[in-house]
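Below is one structure, written out as structure tokens, with a few remarks after it.
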Amino acid sequence: MSEGRSRGVAWLVCGRRSKWLVLLLWLVAIFALAPLAQKLSSAQDNDATSWLPGSAESTQVLGLSEDFRPETMPAVVIYARESGLTAADRAAIAEDAAELKGLSAHGIRGEEARGPLYNRPDDPRAALIYLPVTVDEEGWERLSKAVDDIRETVGSGGGGSGGLEVYVTGPAGTNADFAEVFEGIDSTLLLAALGVVVVALLITYRSPTLLLVPVVSAVASLLSAQAIVYLLARYADLTVNGQSAGILTVLVFGAGTDYALLLVARYREELRRHEDRHDAMALALHRAGPAVIASGATVCAGMLVLLVAEMNSTSGLGPVCAIGVLIAVLAMLTLFPALLVIVGRWFFWPVTPHYGSAEPTVRGLWARTGNRISHRPRAVWSVTAVILAALSFGILALRAEGISNTDAFTEEQESIKGQEVSARYFPAGSGDPLVIVANADRAEQVGRAVAATPGVVPQSIGVPPGTAREHEGRVLFEATMTAPADSAAAKDTVERVRDAAHAVPDADAKVGGGTAALLDAETASTRDNAVVLPLVLVVVLAILGLLLRAVIGPLVLIATVVLSYAAALGISALAFRYLFDYAGEDTAFPLFVFVFLVALGIDYNIFLSSRVREEARKQGTRRGALTALAATGAVITSAGLVLAGTFAALGTLPLVGFAEIGFAVALGVLLDTFVVRSVLVTALFLDIGPRMWWPHRLADENGSSARTP
């Protein structure tokens with residue numbers, strides 16, 4: 001596209017009159033969408049089915065169990081005194097049980113309460129009360145209120161009267177604690193990400209006024225994205241949960257600010273070359289716009305690959321993030337440049353880019369770095385690659401086998417403490433039983449098979465209160481495991497119970513429950529890792545090929561990002577084990593980190609390589625690589641710091657899974673920014689030279705000369 005034509009296209013965004021139209025359209029959109037964005041939390045589905053694979057046996061049991069009873073989640077009240085429960089303790093427990101049986105608000109099914117059950121008839125040291133809570137479309141919000149009522153009734157939270165320990169635990173208690181963490185997650189992450197962006201932009205621009213433009217544009221992007229996601233969740237069955245909503249906030253702020261940094265850097269260059277700021281922005285959009293679009297397309301395509309995942313939480317994350325990035329690209333290529341042109345040059349104060357002033361990047365840090373690399377590029381990229389490969393061996397310390405509830409929080413929670421106390425006195429799986437559905441005429445045989453399975457408490461087999469005995473020739477019953485419900489031993493028990501139940505002829509038995517759901521999630525995540533990872537690579541490679549119109553270059557660039565991912569994963573695994581003392585990683589952790597690092601990490605290679613390609617037409621690939629590094633070094637470094645900082649904001653949540661993703665992605669982005677892009681990729685361009693563009697005609701350049709397009 002000629003420069004004259006590019007100005008004509010850009011004039012639709014930054015023309016003397018059209019810039020005001022762009023601003024007006026965005027103001028109307030924000031005014032209409034902002035109220036909808038505030039409703040996103042109400043559209044979140046944090047029930048088990050929003051996370052589990054749809055075809056899993058545990059998911060099927062969830063659906064079948066609704067025929068027998070309302071979907072419930074048991075709350076467990078545990079009382080304990082190491083020296084033994086006193087007569088006063090037992091009287092107080094009996095009084096609590098009577099009060100609990102009278103509760104009915106927020107889905108509490110007090111009339112179906114069981115207990116108190118003592119750990120032994122003589123000289124008991126602990127007692128349990130089971131209280132089912134109905135789970136419906138109100139989800140976690142209603143569950144949290146129910147558990148709050150139960151905790152208020154029994155006065156839980158640790159040491160009660162005279163040292164009696166009282167906790168509310170079980171699946172209802174644990175999920176209520178999770179709900180409390182996720183409550184306000186959007187505002188928490190928004191403030192954290194906003195703080196990171198403001199500080200980074202202030203350091204980058206050294207202008208208290210200029211940073212307002214990208215911040216306003218990023219907020220507009222986020223509100224618009226949240227509103228659209230809300231509408232799709234409400235009317236198009238898009239699955240949105242606390243995880244995807246939280247990552248949406250971080251991703252839109254991080255990626256959107258990255259695109260703003262790239263565009264404003266090019267705009268500053270053009271302001272020094274053009275007196276009219278409208279012309280400068282038109283050329284900046286023409287030069288930087290394709291890289292922003294390619295970057296956004298890469299991220300969107302990588303995210304949409306997640307749709308093939310079996311895990312509902314993973315497949316739902318894909319379109320949510322793709323929508324966020326798409327809106328961020330749109331805002332940064334329309335609203336952001338319109339605002340920059342409207343406010344004028346003075347908004348860059350105190351470092352204003354005047355017409356005719358010298359370009360500071362020509363003699364800057366990255367220009368000097370490129371000159372040093374150019375002396376021995378092969379040695380530089382070889383040593384860098386070896387170091388990154390060595391760091392990747394830390395992957396051997398990775399334990400992506402799932403995180404138990406006990407290890408899921410970075411801060412102590414009442415439900416987790418209660419679970420530990422309960423396991424000291426009762427079968428560890430008491431609060432979260434197995435749920436078995438089978439044909440009624442084979443129920444007795446299935447029950448015997450389950451009771452005989454190692455790891456199951458034989459006398460625990462039974463139909464829970466409030467459950468229909470039979471429905472359309474099917475029966476439902478529960479069984480308690482001896483191991484903690486979220487432990488590896490419990491998952492082994494589930495596999496044994498399934499084998500035993502499935503072996504009963506004509507029983508059509510299905511085994512579900514909380515532990516079965518964890519097992520099915522791990523199985524699905526393993527499958528997703530094997531399928532989604534290579535698909536993401538193929539998609540990203542195809543987009544790079546279209547952008548650069550080459551084969552060698554995209555293969556080299558994708559290899560550098562994969563190497564960076566492996567190094568980041570290796571360092572993270574070592575840090576989690578030996579620095580943070582985390583018990584392990586979620587099964588989906590490698591996949592999430594891979595998608596974000598490959599899709600986002602390739603951004604910086606796109607920014608650099610597209611500039612190299614532009615300069616190679618004028619001065620050859622090797623000289624063009626040095627010019628591109630000098631021109632883009634500062635902005636890409638700033639973008640990397642912003643993106644790393646926004647993902648690190650995930651660590652503000654007291655959840656190990658979020659903290660691990662935030663740490664690994666932030667680390668990987670920093671590796672991409674300071675090592676892969678600035679050192680490794682630049683050295684490869686200098687060493688391989690014009691062959692990077694094969695089979696494009698740029699591969700035929702001779703020496704430092706290049707054909708003009």
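The values are calculated or read from the model by the stated rules, or taken from the named source; none is laboratory data. Worth saying up front: this structure is predicted, and the values here are computed from it rather than measured. A quick note on method: Cβ atoms are made from the backbone with ideal geometry, for glycine too, and the neighbour counts reach across all protein chains shown.
Details
- The one condition in (1) under 21 Å from Ala566 (Cβ atoms); (2) assigned to a helix (DSSP H, G or I); (3) of a type in the set (S, T, N, Q) that Thr637 fails to fulfil: (1)
- Segment 52-89, residues that are surrounded by 21 or more Cβ atoms within 10 Å (Cβ to Cβ), touching a strand residue (DSSP E or B) at 6+ places or on another chain (Cβ under 8 Å) and either assigned to a loop (DSSP other than H, G, I, E, B) or of a type in the set (Phe, Trp, Tyr) (or both): Leu52, Tyr79, Leu85
- Within segment 587-614, residues that are over 30 Å from Ser525 (Cβ atoms) sit with their Cβ atoms under 9 Å from residues that are not in a helix (DSSP H, G or I) and not small (Gly, Ala, Ser), at 6+ positions apart or across chains, in these pairs: Arg613/Arg549; Arg613/His696.
- Some residue of segment 574-592 being over 17 Å from the mean Cα position of the chain (by Cα), part of a helix (DSSP H, G or I), crowded, with 23+ Cβ neighbours inside 10 Å and not β-branched (Val, Ile, Thr): yes
- Reported count of residues in segment 102-112, each being surrounded by fewer than 18 Cβ atoms within 10 Å (Cβ to Cβ) and over 10 Å from Val133 (Cα atoms), is 2.
- Count of segment 536-557 residues which are modelled with pLDDT of 85 or more and not in a helix (DSSP H, G or I): 2
- Leu103 vs. criteria modelled with pLDDT under 90, assigned to a helix (DSSP H, G or I), touching a Gly at 6+ places or on another chain (Cβ under 7 Å) and not assigned by TED's automatic domain parsing to the domain that holds Thr467: no
- The test for being in a helix (DSSP H, G or I), at pLDDT below 75, in the same structural domain as Trp26 (by TED's automatic domain parsing) and not polar (S, T, N, Q) holds for Leu201.
- For Asp148, the conditions (1) within 26 Å of Ala331 (Cβ to Cβ); (2) of a type outside the set (Phe, Trp, Tyr); (3) over 21 Å from the mean Cα position of the chain (by Cα) all hold with the exception of (1).
- Flag for Thr369 being touching a Pro at 6+ places or on another chain (Cβ under 8 Å) and touching a residue at least 24 places away in the same chain (Cβ under 8 Å): no
- Selection of segment 272-293 for residues being more than 23 Å from Gly645 (Cα to Cα) and either crowded, with 24+ Cβ neighbours inside 10 Å or small (Gly, Ala, Ser) (or both) yields Ala280, Met281, Ala282, Ala284, Leu285, Ala288, Gly289.
- Scan of segment 231-263 for residues that are over 18 Å from the mean Cα position of the chain (by Cα) and surrounded by fewer than 24 Cβ atoms within 10 Å (Cβ to Cβ), ordered by number: Leu231, Leu232, Arg234, Tyr235, Ala236, Asp237
Residues checked against (1) at pLDDT below 90; (2) more than 24 Å from the chain's Cα centre (by Cα):
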{"position": "Ala331", "(1), (2)": "no, no"}
{"position": "Leu340", "(1), (2)": "yes, yes"}
{"position": "Ala358", "(1), (2)": "yes, yes"}
{"position": "Trp366", "(1), (2)": "yes, yes"}
{"position": "Thr369", "(1), (2)": "yes, yes"}
{"position": "Trp381", "(1), (2)": "no, yes"}
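- Matching residues, segment 514-529, being in contact with a Ser or Thr (Cβ under 7 Å, 6 or more places away or on another chain), surrounded by fewer than 24 Cβ atoms within 10 Å (Cβ to Cβ) and closer than 20 Å to Met303 by Cα: Thr526, Asp528
- Some residue of segment 609-630 being part of a helix (DSSP H, G or I) and in contact with a Cys (Cβ under 9 Å, 6 or more places away or on another chain): no
- With respect to the conditions (1) buried (at least 24 other Cβ atoms within 10 Å of the Cβ); (2) among the aliphatic types (A, V, I, L, M); (3) closer than 30 Å to Gly54 by Cα, Ile228 lacks only one, and its number is (1).
- Those residues of segment 507-550 which are under 19 Å from the mean Cα position of the chain (by Cα) and among the basic types (Lys, Arg), in sequence order: Arg527
- Exactly one residue out of Arg442, Arg448 is over 28 Å from Thr406 (Cα atoms) and surrounded by fewer than 18 Cβ atoms within 10 Å (Cβ to Cβ): that is Arg448.
- Positions within segment 13-47 being buried (at least 19 other Cβ atoms within 10 Å of the Cβ), among the aromatic types (Phe, Trp, Tyr) and either in contact with a Cys (Cβ under 7 Å, 6 or more places away or on another chain) or over 21 Å from Gly324 (Cα atoms) (or both), in sequence order: none
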